[in-house]
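Chemist: Please read through the structure below; I'll follow up with questions.
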Amino acid sequence: MHAATVGVALNQERSPMINRRTLLTRLAAAAALPATLFRASPTAAREKDSQVPGQKAQKGQEQIAMLLYPGFTALDFVGPYHFLAGMGNAKVHLVTNQPDLRPVPSDGVLAVQPTVTMADCPTHLTVLFTPGGTKGTLAAARDGATIDFMRHGASRATYVTSVCSGSLILGVAGALHGKRATSHWSVLPLLSQFGATPERSRIVQDGHVITAAGVSAGIDFGISLVMKLRGKKVAEQRVLLAEYAPEPPLNGGTLETARPEIRELSTASLAEFVADASTLRRWTGEPSK
């Protein structure tokens, strides 16, 4: 019996003559109606499906590891994280290279709360990612435990990725050897010292290795990776939800478009970092057990 029918019957029989047994019978019939006749509350709907509308559930949940180390550049990480964490049916692990789960400071005042240490991170990954930075990146690239983690992860991950100077960490870990790759313009030529072929491009994919150029390129990288993992339709929806339609108030975001005096000023400000980065070399030893 439909719910509306039950309601009408109860109204029609609501009289001094209706007895207790009849009323209980009608209420029991209403309680036995299929759940599909009732509309779920918005809260229940959100709890049931946290994926974006139209997104099909995947057979397996992707495991994504995003490295955090003191001094990483925040936007290198936040741009990709926004898109990867929002695509649904993926587990994003924020992996600290520190001994505990205290917040990891970026190269500004922003700190990020990690979810797992390197020792506890899953070993089989869909995506292994590292952001870039300056001094913090060089420290991570010279940290044996961090490079060990990246070498192990790179040998198993479906995609090995970086944004900005994070490619230096991949280079030291041996993940760029024989690959085309990009990085922040300041250290792009240095990728050759890791056996890579530097390529000036916003995003470069060579096999399972995907690298992105400096800082803001991480947003484009995140979108492109969602498209690989979920398809164009979902990626387009994530772009619209983010209202990603850049209209920079100033031109000059590349070496080619920047004014000469701005190029000189920026190059000089990064000279010490680049000189230090030029001493990095690809680790050729075996990873520890």
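The values are calculated or read from the model by the stated rules, or taken from the named source; none is laboratory data. Worth saying up front: this structure is predicted, and the values here are computed from it rather than measured. For neighbour counting, all protein chains shown are included, and Cβ atoms are generated from backbone atoms with ideal geometry for every residue, glycine included.
Chemist: Are any residues in region 65-123 without any contact (Cβ under 8 Å) to a residue 12 or more places away in the chain and among the acidic types (D, E), and if so, which ones?
Modeler: Residue satisfying the conditions is D120 alone.
Chemist: Sort out which residues of region 174-185 are under 12 Å from T254 (Cβ atoms) and either of a type in the set (G, A, S) or surrounded by fewer than 24 Cβ atoms within 10 Å (Cβ to Cβ) (or both), and write them in order of number.
Modeler: Hit for region 174-185 is W185, nothing else.
Chemist: With the requirement that a residue be hydrophobic (A, V, I, L, M, F, W, C) and modelled with pLDDT under 95, what does region 109-133 give you?
Modeler: V109
Chemist: Being over 18 Å from L84 (Cβ atoms), touching a residue at least 12 places away in the same chain (Cβ under 8 Å) and in contact with a helix residue (DSSP H, G or I) (Cβ under 6 Å, 6 or more places away or on another chain): is that true of L168 here?
Modeler: yes
Chemist: Looking only at region 123-145, count how many residues are under 28 Å from V226 (Cβ atoms), in contact with an Asp or Glu (Cβ under 8 Å, 6 or more places away or on another chain) and not β-branched (V, I, T).
Modeler: The qualifying residues number 4.
Chemist: Just to verify a result, which residue in region 253-289, among those that are among the β-branched types (V, I, T) and in a loop (DSSP other than H, G, I, E, B), is surrounded by the most Cβ atoms within 10 Å (Cβ to Cβ)?
Modeler: The residue in question is T254.
Chemist: Please name all residue pairs, on different chains or six or more residues apart, with Cβ atoms under 6 Å, provided the first residue is in region 266-289 and is of a type in the set (G, A, S) and the second residue is modelled with pLDDT of 95 or more and assigned to a loop (DSSP other than H, G, I, E, B).
Modeler: As it stands, the answer is A277/V187, since those pairs meet every condition given.
Chemist: Just checking, does region 235-252 include any residue being in a loop (DSSP other than H, G, I, E, B), of a type in the set (A, V, I, L, M) and within 16 Å of the chain's Cα centre (by Cα)?
Modeler: Yes; the residues of region 235-252 include at least one that is in a loop (DSSP other than H, G, I, E, B), of a type in the set (A, V, I, L, M) and within 16 Å of the chain's Cα centre (by Cα).
Chemist: Which condition from (1) surrounded by fewer than 24 Cβ atoms within 10 Å (Cβ to Cβ); (2) out of contact with any Phe, Trp or Tyr (no Cβ under 9 Å at 6 or more places or on another chain); (3) within 25 Å of V104 (Cα to Cα) is the one that L125 breaks?
Modeler: (2)
Chemist: Let me ask another. Among (1) within 18 Å of T137 (Cα to Cα); (2) touching a residue at least 40 places away in the same chain (Cβ under 8 Å); (3) of a type outside the set (S, T, N, Q), where does K233 come up short?
Modeler: (1)
Chemist: When you scan region 122-170, how many residues do you find that are more than 14 Å from the chain's Cα centre (by Cα) and polar (S, T, N, Q)?
Modeler: 8
Chemist: I'm trying to understand the selection: among the residues of region 186-205, which are surrounded by fewer than 20 Cβ atoms within 10 Å (Cβ to Cβ) and under 20 Å from S269 (Cβ atoms)?
Modeler: Of everything in region 186-205, just one residue is surrounded by fewer than 20 Cβ atoms within 10 Å (Cβ to Cβ) and under 20 Å from S269 (Cβ atoms), namely P189.
Chemist: Here's another thing I want to ask about it. List the helices (runs of 4 or more DSSP H) that sit entirely inside region 126-218 and contain at least 2 residues that are over 16 Å from D76 (Cα atoms) and of a type in the set (D, E, K, R).
Modeler: 144-156
Chemist: Exactly one condition in (1) farther than 21 Å from D76 by Cβ; (2) in contact (Cβ under 8 Å) with a residue 60 or more places away in the chain; (3) of a type in the set (D, E, K, R) is false for K228; which is it?
Modeler: Result: K228 passes all but (1).
Chemist: Whether any residue in region 45-60 is surrounded by 14 or more Cβ atoms within 10 Å (Cβ to Cβ), at pLDDT 95 or above and more than 24 Å from G144 (Cα to Cα) is what I want to check.
Modeler: no
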